[in-house]
1. What angle do you read, to the nearest 10 degrees and between 0 and 90, between the alpha-carbon axis of helix C:112-122 and the longest principal axis of chain C?
2. Please compute one quarter of the surface area of the Cα convex hull for the stretch C:13-95 and express it in square nanometres.
3. Mind checking how much accessible area C and A bury in total, 1.4 Å probe, in Å² rounded to 100?
4. Springs between alpha-carbon atoms under 10 Å, Gaussian network over chain C: tell me which of C:R293, C:R18, C:R41 tops the mean-square fluctuations.
5. Given a Förster distance of 25 Å, report the FRET efficiency between C:R94 and C:R137 from their Cβ-Cβ distance, rounded to the nearest 0.05.
6. Starting from the exponent 0.38 and prefactor 2.2 Å, build the expected Rg for the protein assembly as shown from its residue count and divide its actual Cα Rg by it.
7. Per-residue mean of other chain beta-carbon atoms within 10 angstrom of the beta-carbon, peptide C:147-156?
8. Give me the angle, in degrees from 0 to 90, between the Cα long axis of helix B:125-138 and the longest principal axis of the Cα atoms of chain B, rounded to the nearest 10.
Amino acid sequence: MSAVDVLGTPAPAEATGEAGAGPWLSAWRRLRRNPSGIVGAVIVLVFVLVAIAAPLLAPYRPATSEWFGEVTPTTVPGPSDEHLLGLDSFGSDLLTQLIYGARSSLVIGVVSTAIGLAAGAVLGILAGGIGGKVDTIVMRVVDVLLSIPALLLAVSVAALLGRGSFSIMLAISAAQVPIFARLLRASLLAQRGQDYVVALRSLGLRQRRIVVGHMLPNSLGPVLVQATLTLATAVIEVAALSFLGLGDPNPAVAEWGRMLVTAQDRLDQAPHLALYPGIAIAITALGFTLLGEALREALDPRSSR
Amino acid sequence: MSLLEVEDLRVRFSRKGGPTTTAVDGVSFSVDAGEVVGLVGESGCGKSVTSLAVMGLLPRRGTTVTGSVRFDGTDLLTLSPGQLARRRGSDLAMVFQDPMTSLNPVLTLGRQLTEVLRTHTGMNRSAAKKEAVELLGRVGIPDPRRRAGEYPHQLSGGMRQRVLIAIALACTPRLIIADEPTTALDVTIQAQVLDLLTALVRESGTAMVLITHDLGVVAGTCDRVNVLYAGRVVEQAGKRELFAEPRHRYTTGLLNAVPRVDAPEGTALQPVPGSVRDLLPWAQGCAFSPRCGVADEGCRSGEIALSGSEHGAGHRARCVHPAEVGV
Amino acid sequence: MNDVLLSVRDLAVHYPIRSGILQRTVGAVKAVDGVSLEVPRGTTYGLVGESGCGKSTLGRAVLRLSEPTAGSVHIGGQDLLALRPEALRRERRRLQMVFQDPLASLDPRQTVESALTEPMAVHGLPGGPSAWRTRVRGLLDRVGLPSNAGSKYPHEFSGGQRQRVGIARALVLDPELLVADEPVSALDVSVQAQVLVLLEELQRDLGLTYLVIAHDLAVVKHVSTTVGVMYLGGLVEEGPSGPLYARPLHPYTRALLSAAPVPDPVAEAKRERILLTGDLPSPADPPSGCRFRTRCPWVQPTRCHEERPQLRVVDGHTADQKVACHFAEDIEAGRILPREVAPAA
C-alpha cells in the first residue's frame, strides 16, 4: 500500500462532521473552505449583481452619446463630477457603459453556454446512452466541430447569421457543443461499467430510468464545472467577436469587446478607454475560472478534504 | 540489542481545516537479526503507517511522528532525509502490496534493478547488469536475461512481485519490510511468493517485518507476532504461543471468526460484533471494549498496559481480562 | 428438498476479439466455456477459483447481466434466455445479486431508503410509498442496521454495514435466488464472519437459494452445500463441500487446497505444497485437450493433450462428487506420481 493510498482513505463521515450529508452538501462545505473558490465566487457574484442591477447602479442610460459635443478629435473628457470615469469616444458616460457591458456579457455568456450545454448534452447522452452506430455517427460530427478552432467556428457562424447579439450567442455556443457532448458521453460511458449500474439493471429498472434517474445526476458535477469554465471563455469570446466587428452594428453599444475596439483609435490620448473594459473582462473571466476550479475540487470525492 | 527497536511510535495526520487523526498510537516492538516478525491487524490498526514511518516514507506536510525507531542503535527519526535515503535500499528495504503500481511502467525491469544497485553500491553499468540478471534468477524468474529487458506489464502478477522482491534484496539489506506482499495475488501464487520470501530471508540472514491481515500467512511465515488494534499493539508473542494460547479478546475473536479450509464440517463461525469504527480512545480504556464480550468497568478507564509475565516468556497482552488457556 | 431452482447447461460466454480497421472478429476470449450445474432450492452452491477462471462472468451470465453466447439457464423451470426484454425485466424479481464492493454498487447520490424503495416502485409492488417504507425499515432491521440507516448515504457506513445495505437491497423484491459475487472479500476479517452468519440466517428464514462466488477457499467451504472449482472457463471438480475439501480429486483442487493458508502453525509446518508450473494460459487461446495440462504436475503423455475431460463420477466416491480428469483414480491411488516442480510463478 503506498503512502498515498493510506492517507487517501477518507475518515468516517462522522469524524469529519459531515454526517447525514448528501454529496451536494458535502461538496458545498468543501467549497466554502477553499480560499480561491471564495474569491472566485465573490467576483462572480459581484459581476452578476452589477449586470442585473445595471439600471439601478448606472448613473445614466447606456449608449446615448449624449455628450458627444464634449468629445473632440484630440481629447476625450476625463473624470469629472458628473462623469466619474469620464466619457467614451462616442460621448457616452464611461461608467455607465462599463456597467451595462457587464449585462451584455452576462446575457450572452449565459445564453450561449446554455445553448451549448443543451445541444451538447443531447448529443452526448445519445452517444453514451444508446451507443453503437448512433455513438459513432454523433462522435464523428463532434470530431468535425472540434477540429475547427473555436474562434474560427464562432466567426464563421456569426458571419453566416449576420450581425447582432443573437448570432454571437449561437456562434459561441457552436464551439461549446462538442465539449459538452464529449463530457457527457465520457461520463455516461464511465458509469456504464460500474457495479451500481449493473445492480440497477439486476433490480429490473429500465434503461431509460437508469440513465435519466441515476447516471445523469451523477454526471452533473463535471458538467457544472465545465459550464462555469465555459462561461469564463464565453465572456472573452463575446469580447473577441465584438472586437472583430461581429455583433451589434451600433459601434457605441455598451459591450466590453466593442469598447476595446473603439478605444483603439484613441489609444494614445485616452488609454483608459481600453484599460477599463480590458480589466473588466480579465477579472470576470478569472472569477469564473477560480470558481470553476474550486467546484471541480469540491465535487471530487478524492481530493483532500 | 535488537536490529530494529520501535518504541512508543506515534503518528498523527492533520488535514487542512480538518480534524487530526492518530493513525499510530504508541506502537512498540522489536526485530532481531534473522527473524521474521509479523504485524497483524485489520483496516485502521496502523500497521501500514507504522511501516511507512519506519522507512521514513510518510509525507512531510501534516504528519507528526514521535517516539523512536532505532535501527542498529541509530534513531532513524532523527536522521535528515538525505541520510535516510542512503540507508534505504542498503540497510532497509520495502516490498509493497501492489506490484503493478509499485514498478515504474516505463522502465525495463533490468533498469529498475540496476538503478538501485548503482545508487547504493556504486557498481559500474556492466557489473550492475550482471548482478541484476543474477538477482532475477535467484527470485525464480525463468530466462532472466531476456526478462531483464522486459517491462512490468509483460509479466504476470506473481512475477512482478518477485521482481519487487529482487529489487528489495538487491543490496542485501539487513531488514526488509513486506507490506501485504501477497494480498493482491492468487492463492497458488501467494504460496510460492511467500515461500520464496522466507527462503531468501533465511538464506541471507535478513530480518523481515511482514505486515498482513491474514492469520494463515502469519502462521506459515512468522517467528514472532504483534497483533495491532486501533493504533496499538494488543498482543505480542511467539507464533506458537499466539495461536495455541491467545490472550487478548481481539485475538481470540479473530481466531474464532476466521473460516478455515481444515475446519470440521458444521463448524460455526463466531463473529466479532461491531466494527473497527466502534472504539474507545486508548486514553480512556481499551479501544476494543465496545466489541468485547467480557468488558467491564475496569476496561473502560485509564491506560491499560501491555503486560504479562504470567502469560509465558515473551508473551504479552494489553488486556484486563485475558482469555484463559484452552479457550 | 430436491427441486432444482437453478439449472445451467453448457453455458458459454465468449467475447469476440476484433482487430483491424474493419474490426473483423479474429478470435474469442472464452471466459466461460461449457459449464453445467444445478442448485437445488434452499441450498448454497459455492463457485471457487482464481482470477481469470470465469466465475464472475458465469455469475453475471446466470442472471443474464451479460448475454451468454451458448447454453441455457433455467430458473424454476423458466427458460431465462428465451425471455424477451420486458418479460426478462419482470422476471428479475426472482433473481438478485449481491456485489463485492458495496460502495461501488450503490448510487452515491441516493439515500439507503430511496435505493431500497425504488425497485418496489418500479415493479409496482402493492401498498404504496408508506407500505414500502415500512418494509424497508423491517428489512434494515433484519440485516442488523440501525433504524436511522434509511436516511443515510452509502459513504456514511462502514464496509460491513454497507454490505448489509447491499444484502437488504437484494432482498427487497423477495427473490428466490441470490448470486453473491465475492460477498465478503472487500471486508475486514472480523466483519466477514458477521456477513456470512447473516447470509446463513437469511437463507434459513427466507428459504433462499444461493450461488456464492469467491476466491477464498475457506469462505466457500463454510457457506456452501456443494462446491464447484473452476479453471479457465470450465468446472474441474464438483462435490459436497465436506468430502471435496477432505479428499480433493482434481490436481488443481489439490494444488489450491495445499496453498490455502491455515491459521495454525503446526498445520502449516506439516503441509505439503503442490506447486504448479507456468502461468495461467490466455482464455483466448486455451490449451487443447485438458485445459489444465500445461500446469498439471501429474500430466500424462496420453489423452491429456487431445481429449478435454468431462465431469464424471470416480470409483470409490459418492455419485455427487465429479471430476474432470482422465487419471483421477490413478492419482488418488498414487499410481501416478507428480513430477518435481521447480518454483516459478
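The values are calculated or read from the model by the stated rules, or taken from the named source; none is laboratory data. Everything numeric in this text was worked out from a predicted model, so none of it was measured. We place every Cβ from the backbone using ideal geometry, glycine too, and count neighbours over all the protein chains shown. SASA here: full protein model, heavy atoms, side chains in, ligands and nucleic acids out. Shrake-Rupley method; radii C 1.70, N 1.55, O 1.52, S 1.80 Å.
1. Tilt of helix C:112-122: around 90 degrees.
2. Computing the convex hull of the Cα atoms and averaging its projections yields 7.0 nm².
3. By this definition, chains C and A bury close to 2400 Å².
4. C:R18
5. Details: r = 24 Å, r/R0 = 0.95.
Working from the Cβ atoms, E equals 0.60.
6. On the way: Rg = 33.7 Å, N = 977, 2.2 N^0.38 = 30.1 Å.
Working it through for the protein assembly as shown, the quotient is 1.12.
7. Details: counts 0, 1, 0, 0, 2, 5, 9, 2, 9, 8.
Mean number of neighbouring Cβ atoms from other chains: 4.
8. 50 degrees
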